[in-house]
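Everything on this sheet refers to the single structure shown next.
The values are calculated or read from the model by the stated rules, or taken from the named source; none is laboratory data. Values in this document were obtained by computation on a predicted structure and should not be read as measured data. Note that each Cβ is placed from the backbone with ideal geometry, even for glycine, and that neighbours are counted across all protein chains shown.
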Amino acid sequence: MAFPLRLDTQAGLQAEQDLLAAVCRGEQPDGLLFWQSTDQTLVMPRRLNRQPGFEAACGVSAQAGWPVLLRETGGEPVPQSAATLNVALVYVAPRSEGDQNRIETAYQRLCQPLCDVVTELGGDPSLGEVPGAFCDGRYNVNIDGRKWVGTAQRWRQGLSGSRPVVLVHGAMLMDNEREPMVAAVNRFNQACNLPQRCQAASHIALNERFTAPQVVERLTQAYQRLLAEVRSKD
């Protein structure tokens, strides 16, 4: 596909899980999904619902126009809106690669095409943590030292429990909603007594930096080639 599905956030997260389940059942060898949210939400890992102030913080966030949803992958609170383009890559880990470094390999497979796109557009991509970024991590994809894409992954045993299957996800900030997004994360964290505070200047939207990048078309071709390579390794 060369266009993102337009889904509300709950449906987008469910579409990712459905794709993962289909590959685990052996109904398809792998999968690629792009989607954009039609609403705005604050998505966070399920573990945070054990925080003492979680329910109250959800109420504060919803009242401010950012209802909370829980996701199956790890990390920290992440805002979703029409400004965010999501990509999910699902594949069966090749037997030839073994289990060692499979987490890092999955992140590299997701991130390298993203970095390649930035390079082609004339930017300076990098991977790594950015102080002040929400859901910060070693596999952020950054442009000129500012976070553009957040990443996460989830593994399951598929094919009747015989093979590990990964869903590796990236959330790309396409349009500049940095200020309201950071405010939403900070509002929740403060209400939930979480220490992290984020800064809008730590982030960058792709369309702030480049004009009409046609990123979905570029990434679709790159990920389709990558998935074919993964299949050939098995």
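When only residues in the range 152-197 that are in contact with a Pro (Cβ under 8 Å, 6 or more places away or on another chain) and assigned to a strand (DSSP E or B) count, which is surrounded by the fewest Cβ atoms within 10 Å (Cβ to Cβ)?
Of everything passing the filter in the range 152-197, Gln157 is surrounded by the fewest Cβ atoms within 10 Å (Cβ to Cβ).
So, of the residues in the range 19-36 that are in a helix (DSSP H, G or I) and under 16 Å from the mean Cα position of the chain (by Cα), which turns out to be surrounded by the most Cβ atoms within 10 Å (Cβ to Cβ)?
Leu20
Can you tell me which residue in the range 37-53 is farthest from Leu7 (Cα to Cα), limited to those that are modelled with pLDDT of 95 or more and surrounded by fewer than 18 Cβ atoms within 10 Å (Cβ to Cβ)?
Asp39
Collect the residues in the range 198-234 that are in a loop (DSSP other than H, G, I, E, B) and either crowded, with 17+ Cβ neighbours inside 10 Å or in contact (Cβ under 8 Å) with a residue 12 or more places away in the chain (or both), keeping them in residue-number order.
The answer is Cys198, Gln199, Ile204, Ala205, Phe210, Pro213, Asp234.
Looking only at the range 81-121, how many residues end up being closer than 21 Å to Tyr223 by Cβ, among the polar types (S, T, N, Q) and under 17 Å from the mean Cα position of the chain (by Cα)?
Residues in the range 81-121 being closer than 21 Å to Tyr223 by Cβ, among the polar types (S, T, N, Q) and under 17 Å from the mean Cα position of the chain (by Cα): 5 in total.
Of all residues in the range 158-184, which are of a type in the set (A, V, I, L, M, F, W, C) and under 16 Å from the mean Cα position of the chain (by Cα)?
Of everything in the range 158-184, those that are of a type in the set (A, V, I, L, M, F, W, C) and under 16 Å from the mean Cα position of the chain (by Cα) turn out to be Val166, Leu167, Val168, Ala171, Met172, Leu173, Met174, Met181.
Take the range 63-95 and flag every residue that is more than 20 Å from Arg156 (Cβ to Cβ) and loosely packed, with under 14 Cβ neighbours inside 10 Å.
Gln63, Gly65
Within the range 96-113, which residues are in contact with a helix residue (DSSP H, G or I) (Cβ under 8 Å, 6 or more places away or on another chain) and either modelled with pLDDT under 95 or acidic (Asp, Glu) (or both)?
Selection gives Ser96, Glu97.
Name every residue in the range 62-97 that is more than 21 Å from Met172 (Cβ to Cβ) and basic (Lys, Arg), in order of residue number.
Arg95
Scan the range 69-105 for residues that are in contact with a Ser or Thr (Cβ under 8 Å, 6 or more places away or on another chain), under 23 Å from Ala21 (Cβ atoms) and either among the hydroxyl-bearing types (Ser, Thr, Tyr) or assigned to a helix (DSSP H, G or I) (or both) and jot them down.
Selection gives Glu97 alone.
Under 9 Å by Cβ, and 6 or more places apart or on different chains, what pairs join a residue from the range 171-193 that is aromatic (Phe, Trp, Tyr) with one that is in a helix (DSSP H, G or I)?
These pairs meet every condition: Phe188/Ala57; Phe188/Cys58; Phe188/Val60; Phe188/Ser61.
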